[in-house]
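Scroll down for the structure; my scribbles are underneath it.
The values are calculated or read from the model by the stated rules, or taken from the named source; none is laboratory data. Being a predicted model, the structure only gives us computed values, none of them experimental. With ideal geometry, Cβ positions are generated from the backbone for all residues, glycine too; neighbour counts draw on all protein chains shown. Only protein heavy atoms, including side chains, enter the accessible area calculation; ligands, DNA and RNA are left aside. Shrake-Rupley method; radii C 1.70, N 1.55, O 1.52, S 1.80 Å.
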Amino acid sequence: MTQSWNDGDCSFDPVSAPDFLPGDQLRALQLQRLKSVVNWAYPRVELYRKRMEETGLTPGDIRSLDDVRRLPFTTKKDLIDTYPFGLFASSMSDIVRLHASSGTTGRPIVVAYTQEDISVWAEVMHRSFAACGLHRGDIIQNAYGYGLFTGGLGAHYGAEALGATVIPMSGGNSDRQIMVMRDFGVTAICCTPSYFIHLIERAGELGVDVKKLPIRAGVFGAEPWTEGMRRRIQAESNIKAYDIYGLSEIIGPGVGIECCHQDGLHIFEDHFLVEIIDPASDRPCKDGEEGELVLTTLSKRAMPILRYRTHDITAIIPEPCKCGRTIRRIQRIARRSDDMFIIRGVNVFPSQIETALLAAEGTLPHYQITLTRDKGLDQIEVQVEVTPDLFGDKIGALEGLQNKLESSLERTLGLRADVRLVEPHTLARSEGKARRVKDLRNL
Ligand code: DLL
């Protein structure tokens, strides 16, 4: 099959038909499924029933899609408080899979799937791969972690449903990943964007030029990344880097993905109902206005989730996409409402720092943010690796870059951050989600 990957490929896979439903049909399907999921959850999940009773709401009151706003929110705390199985709506004998996600607190959250839920998950992942131009015949290296994390098995089932050849690598063991990528003729890879950056770098050390391999696409997600990071990845590897979004609470990967236009993530709205709200007032945001993404599962049976507060910040993109999909797009998720830190009263998001660092020439996409407190005053230090040639003996060039980054950070953040340029390979690499911020302030 011949394809021109630089032009993108939005070829049609029949499983993607729901992506193109006329708007009224999509909304009718959503409403039918919303009623059905509320009817399913209400008698089976005590938390939902109690909360609805408190406001005098019954499943029969859900008559329009707007009525979703009458339902109670669900939060991560609810999942932790009902640990492990308190939100299950199916009996254990119908549950075929459990996954878990480690929270920041001690207890993980547990999520469950019936056989039908697994089929829906495989379907949305299949549609995800199809949206970014993958198909039968592709050889997909799956370097998301297999295990309790949803990334590995989620991508695995979707890639098999697509009819592609899956290589279940899981994360880690970078040298072997590179050997497989080269020797097995891999055409696409799934992993976190930060891990792929690491793989490109390691490949170079092993004398493998990723640009010369048949690999042409990466399906990257599970952590925030910026447009600057995408540009670096694409330039260094000659692949197209697609953004995929998802979260364990809702299903795992496959809630939304970019199509070949790489301009916002299409949400699989026939299975996930989207709201964007102002996180402070809970008021609905207009299309195009940034706010917190709130998701309701429309088809899940083992663990239906009503109005989940994701903490992920995004906006609906109102314009239709050139690919013809009618399912709407959201902007890439560059930040969470809870990854913000406050330095001397100024709100800072890691993604602002990443954008400023990667806009400069001579930096590498490896950085670490450290927050400390000295005599009651917050300090922020940003370490960033620079290219080996810059690190040679050109002290002047290094100083120039440091000053440039410090002023660009000051402009972006509105506060002074100390920049420390470090040699390549100094900072820790991650095999899964990157940890960019070290907060040593003991707040
Ligand atoms: O990270 C599921 C996943 C696996 C998504 C593989 C994509 C690929 P959790 O571990 O529960 O699930 O983490 C979910 O990760 O609420 C976001 O804050 C963040 N996240 C996931 N994808 C993206 C993305 C998986 N593409 C949390 N961009 C979510 C930004 C993302 N953040």
Within the stretch 45-71, considering residues that are among the β-branched types (Val, Ile, Thr) and outside any helix (DSSP H, G or I), the one most open to solvent (accessible area, probe 1.4 Å) = Thr55
Say whether the condition of being within 15 Å of the ligand (Cβ to nearest atom) and assigned by TED's automatic domain parsing to the domain that holds Tyr42 is met by at least one residue in the stretch 283-290.
-> yes
Please indicate, with yes or no, whether at least one residue in the stretch 109-116 is at pLDDT below 95 and in the same structural domain as Gly254 (by TED's automatic domain parsing).
-> yes
Criterion violated by Ala428 - all others in (1) of a type in the set (A, V, I, L, M); (2) exposed (fewer than 13 other Cβ atoms within 10 Å of the Cβ); (3) in contact with a Ser or Thr (Cβ under 9 Å, 6 or more places away or on another chain) satisfied | (3)
For the stretch 69-110, which residues satisfy the criterion of being within 13 Å of the ligand (Cβ to nearest atom) and within 22 Å of Asn39 (Cα to Cα)?
-> Thr75, Leu79
Which one is surrounded by the most Cβ atoms within 10 Å (Cβ to Cβ) among residues in the stretch 298-321 that are within 14 Å of the ligand (Cβ to nearest atom) and in a strand (DSSP E or B)?
-> Thr314
Looking at the stretch 176-192, is at least one residue touching a Ser or Thr at 6+ places or on another chain (Cβ under 8 Å), under 20 Å from Asp138 (Cα atoms), in contact (Cβ under 8 Å) with a residue 40 or more places away in the chain and not β-branched (Val, Ile, Thr)?
-> no
State yes or no: is Gln141 within 16 Å of the ligand (Cβ to nearest atom) and of a type in the set (S, T, N, Q)?
-> yes
In the stretch 106-142, what count of residues is obtained for those that are crowded, with 21+ Cβ neighbours inside 10 Å, in a loop (DSSP other than H, G, I, E, B) and touching a helix residue (DSSP H, G or I) at 6+ places or on another chain (Cβ under 6 Å)?
-> 0
